[in-house]
Amino acid sequence: MKLLFVSDVHLKEHQGLEYINFLKFLKFVLKSKNTDHLFLVGDIFDLWISDKPIFFNHFSDVVILLQDISKNGTQIHYFEGNHDLYLDKFFKDKDKDGIKTYNSPKNFCLDGLNLKVEHGDLINQNDHWYFKWKKLINTKIFKHVVNISPGFFIFYLGFFLGFLSSLKRKIFFLNKTHIKKTEYEKNIRKMLHDYAEVRCKNESVDVFINGHVHVADMYKYKCIEKEKYAINLGEWKKSPHVLSIIDKKIKLDSLDNFLLS
């Protein structure tokens, strides 16, 4: 059995490297015809809200490739992130073609392994503002406002807010030394490892998979004398990765190496 996992591609402009690379990845999966399950673990698009036509029109080449892959017999699992919301409104009619959507963590038993998959936006338990935002966007009134708002307004407002968020991150790192950046990633990895050990402590989970924090990482540890893996899928803007599980062999590889395999 062959399972593939990607997250945090953040598709935006068609000329962007992440967009070009993701199309290349999807075409590779389509051509190979040997992928049983493809997991999209959130934030595949830098913005996708509900079933607004403007999003399909902008990203139609990606959606059509996903539909073609599912028609080839690959089951696609698409997890909502914090940039792609209310996916079921668009993909509900595509479920019969093998595209399933999830807005919460999900456990799977595949290839003889117990897997737990989630986007990972709850990893930072100290991000209280985000928890409040998460609660707000799941309210009925917020969803109603989104449903009645014009698609073009949400589309351009979302990209503007995304630009401000990106600018904020650039300013944050502007004066950081390489050592401080390395320390930042070290702290992120520790947070990932601690979160995984707590989340899977009382569950029969062999591999815990998430994204969101943009730091590719594969952590092997033991719990009750059983070997487990906690894997973060990283991001696609600077360093795209693909996780593959083939006949129980687990490998987190760069996109370039994956395409050569």
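The values are calculated or read from the model by the stated rules, or taken from the named source; none is laboratory data. As the structure is a computational prediction, the values presented were derived from the model and not from experiment. Here the Cβ is made from the backbone with ideal geometry for all residues, glycine too, and neighbour counts use every protein chain on show.
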The lone exception for Ala196 - which of (1) of a type outside the set (S, T, N, Q); (2) modelled with pLDDT of 85 or more; (3) surrounded by 11 or more Cβ atoms within 10 Å (Cβ to Cβ); (4) over 24 Å from His10 (Cβ atoms) it fails: (4)
Any residue in segment 130-143 that is part of a loop (DSSP other than H, G, I, E, B), in contact (Cβ under 8 Å) with a residue 40 or more places away in the chain and among the hydroxyl-bearing types (Ser, Thr, Tyr)? no
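Can you tell me which residues in segment 221-245 are part of a loop (DSSP other than H, G, I, E, B), surrounded by fewer than 16 Cβ atoms within 10 Å (Cβ to Cβ) and of a type in the set (D, E, K, R)? Spell out the reasoning first.
Start the filter on segment 221-245 by keeping residues that are part of a loop (DSSP other than H, G, I, E, B), which leaves 224-225, 233-240.
Still in the list and also surrounded by fewer than 16 Cβ atoms within 10 Å (Cβ to Cβ): 224-225, 238-239.
Glu225, Lys238 - these are the residues of segment 221-245 that are part of a loop (DSSP other than H, G, I, E, B), surrounded by fewer than 16 Cβ atoms within 10 Å (Cβ to Cβ) and of a type in the set (D, E, K, R).
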Criterion (farther than 25 Å from Phe159 by Cα and not hydroxyl-bearing (Ser, Thr, Tyr)) met by exactly one of Lys31, Lys52, Lys24: Lys31
Pick out the one residue from Lys89, Lys190, Lys201 that is closer than 26 Å to Glu225 by Cα, in a helix (DSSP H, G or I) and either modelled with pLDDT of 90 or more or over 18 Å from the mean Cα position of the chain (by Cα) (or both). Lys190
Can you list residue pairs whose Cβ atoms sit under 7 Å apart, with the first residue in segment 232-261 being of a type in the set (Asp, Glu) and the second being crowded, with 19+ Cβ neighbours inside 10 Å and not in a loop (DSSP other than H, G, I, E, B)? Count only pairs 6 or more apart in sequence or on different chains. Asp253/His241; Asp253/Val242
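Here's the yes/no breakdown for (1) exposed (fewer than 15 other Cβ atoms within 10 Å of the Cβ); (2) touching a Gly at 6+ places or on another chain (Cβ under 7 Å); (3) of a type in the set (D, E, K, R):
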residue: Leu17; (1), (2), (3): yes, no, no
residue: Phe22; (1), (2), (3): no, no, no
residue: Val29; (1), (2), (3): no, no, no
residue: Ser32; (1), (2), (3): yes, no, no
residue: Leu47; (1), (2), (3): no, yes, no
residue: Val62; (1), (2), (3): no, no, no
residue: Leu66; (1), (2), (3): no, no, no
residue: Gln75; (1), (2), (3): no, yes, no
When segment 237-261 is examined, which residues are found to be closer than 13 Å to Asp217 by Cα and modelled with pLDDT of 95 or more? Pro240, His241, Val242, Leu243, Ile250, Lys251, Leu252, Asp253, Ser254
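So if I check each of Phe159, Phe163, which one is modelled with pLDDT under 85 and in contact with an Asp or Glu (Cβ under 8 Å, 6 or more places away or on another chain)?
On the way: Phe163 fails: in contact with an Asp or Glu (Cβ under 8 Å, 6 or more places away or on another chain).
Exactly one residue qualifies, and that residue is Phe159.
Which residue is surrounded by the most Cβ atoms within 10 Å (Cβ to Cβ), if the candidates are limited to segment 204-220 and must be in a strand (DSSP E or B) and out of contact with any Gly (no Cβ under 7 Å at 6 or more places or on another chain)?
Taking segment 204-220 as the starting set, the residues that turn out to be in a strand (DSSP E or B) are 207-210, 217-220.
Narrowing further to those that are out of contact with any Gly (no Cβ under 7 Å at 6 or more places or on another chain): 207-209, 217-220.
Details: Val207: 25, Phe208: 26, Ile209: 28, Asp217: 19, Met218: 16, Tyr219: 16, Lys220: 10.
Checked segment 204-220; the qualifying residue surrounded by the most Cβ atoms within 10 Å (Cβ to Cβ) is Ile209.
Step by step: first the residues of segment 50-60, then only those that are surrounded by 15 or more Cβ atoms within 10 Å (Cβ to Cβ) and more than 18 Å from the chain's Cα centre (by Cα), then the one that is farthest from Asn147 (Cα to Cα). Which residue is that?
Residues of segment 50-60 surrounded by 15 or more Cβ atoms within 10 Å (Cβ to Cβ): 50-52, 54-56, 58-59.
If we keep only those that are more than 18 Å from the chain's Cα centre (by Cα) as well, we get 51-52, 54, 56, 58.
On the way: Asp51: 9, Lys52: 8, Ile54: 13, Phe56: 16, His58: 19 Å.
Out of the qualifying residues, it is His58.
Mind listing whichever residues of segment 40-66 are touching a strand residue (DSSP E or B) at 6+ places or on another chain (Cβ under 8 Å), within 15 Å of Phe22 (Cα to Cα) and assigned to a helix (DSSP H, G or I)?
Residues of segment 40-66 that are touching a strand residue (DSSP E or B) at 6+ places or on another chain (Cβ under 8 Å), as a first pass: 40-50, 55, 59, 62, 66.
In the following step, the residues that additionally are within 15 Å of Phe22 (Cα to Cα) were identified as 40-46, 59, 62, 66.
Result: Phe59, Val62, Leu66.
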